[in-house]
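Have a look at the structure below, then the notes.
Every number in this text was worked out from the coordinates using simple rules, so none of it is lab data. Everything numeric here is computed off the predicted structure, so don't read it as measured data. A quick note on method: Cβ atoms are made from the backbone with ideal geometry, for glycine too, and the neighbour counts reach across all protein chains shown.
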Amino acid sequence: QKEVEQDPGPLSVPEGAIVSLNCTYSNSAFQYFMWYRQYSRKGPELLMYTYSSGNKEDGRFTAQVDKSSKYISLFIRDSQPSDSATYLCAMSHPSNQGGKLIFGQGTELSVKP
Amino acid sequence: ETGVTQTPRHLVMGMTNKKSLKCEQHLGHNAMYWYKQSAKKPLELMFVYSLEERVENNSVPSRFSPECPNSSHLFLHLHTLQPEDSALYLCASSQDMASSGNTIYFGEGSWLTVV
């Protein structure tokens, strides 16, 4: 079983839709959860960072962590064509030697005008 | 501009060539990383340096050789690569080790094609 599972998509939605992206994980020790956005032929850029459980909101983006279900989500409201990218979840825990972030496979999102 | 600069952005090399990828970070961070990104696969951590000392080598073949001369620069020396090594190589940095909750900032990547 992979440590982090993420549906690779592709996911196609119309402009203005609410997008839900998800990851599940197996290691209950994970405490730090991140979402990265990666445009085509670019490096990943940090979008959201959450520590432990709860919600975090930043503009049109909301990150949720449910540690009891080992499930994290990223919601995008009023999606725009400029949101078309691959979204990567990543996570780590303090005893993870070597500074290893564990990444999901990434979900490819396409927002159609 | 993320503060992490990688050169070259694109590289085509033969299996007998020797080349190097270069990374420079302008963020004053103490930790630097090399990741490999292949199509349809999660990012794979290759090497981690903290304060210029290698702290992790993730079972990477010896044809990849990292070098960290100072906390701002990181190199990946390549020799006798295989076609399956063709991928996007990403350099990243963080204030301290990522496992401490420090976020990682990536460069734009170097696209490598081995022919």
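Ignoring lysines fewer than eight residues from B:LYS18 along the same chain, the ones with Cα atoms less than 29 angstrom from its Cα are A:LYS42, A:LYS100, B:LYS36, B:LYS40, B:LYS41. Classify chain B as rounded, prolate or oblate, taking a ≥ b ≥ c as the square roots of the eigenvalues of its Cα gyration tensor: rounded when a/c is under 1.5, otherwise prolate if a/b is larger than b/c and oblate if not. Because a/c hits 1.5 or more and a/b exceeds b/c, chain B counts as prolate. Taken about its Cα centre, the stretch A:1-93 carries a charge dipole of about 180 debye when Lys and Arg each add +1 at the Cβ and Asp and Glu each add -1 at the Cβ.
For B:VAL55, the shell of other residues with beta-carbons less than 15 Å away shows a net charge of -3, using +1 for Lys and Arg and -1 for Asp and Glu. When chain A is treated as a GNM with alpha-carbon contacts under 10 Å, the residue of A:PRO94, A:PRO14, A:PRO44 showing the greatest mean-square fluctuation is A:PRO94. Taking 15 Å as the straight-line reach from the Cα of A:LYS2, the aspartates and glutamates in range (excluding those fewer than 8 positions away in the same chain) are B:GLU44.
Projecting the Cα positions of A:ASN22, A:LEU109, A:ALA90 onto the charge dipole of the protein assembly as shown (unit charges on Cβ atoms of Lys, Arg, Asp and Glu, taken about the Cα centre) puts A:LEU109 furthest along the positive direction. Name the GluC sites (Glu not before Pro) in the stretch B:1-83 that are in a loop by DSSP and that have at most 10 other C-beta atoms within 10 Å, would you? Of the GluC sites (Glu not before Pro), the ones in loops of the stretch B:1-83 whose Cβ has at most 10 other Cβ atoms within 10 Å are B:GLU1. Summing +1 for each Lys or Arg and -1 for each Asp or Glu among the other residues whose beta-carbon sits under 13 angstrom from that of A:GLY54 gives 0.
A simple charge model with +1 on the Cβ of Lys and Arg, -1 on the Cβ of Asp and Glu and nothing else charged puts the dipole of the stretch B:35-115 at about 260 debye relative to its Cα centre. When you filter the trypsin sites (Lys or Arg not before Pro) in the stretch B:1-75 for DSSP loop state and at most 14 other Cβ atoms inside 10 Å of their Cβ, you are left with B:ARG9, B:LYS40, B:ARG63. Within chain A, the longest run free of exposed loop sites, counting trypsin sites (Lys or Arg not before Pro) that sit outside DSSP helix and strand states (H, G, I, E, B) and have at most 14 other Cβ atoms within 10 Å, spans A:3-40. Taking Cα centre as origin and charging only the Cβ of basic (Lys, Arg, +1) and acidic (Asp, Glu, -1) residues, the dipole magnitude of the stretch B:1-60 rounds to 400 debye. As a length-normalised measure over Cα pairs under 8 Å and 6 or more apart, the relative contact order of chain A settles at 37 percent.
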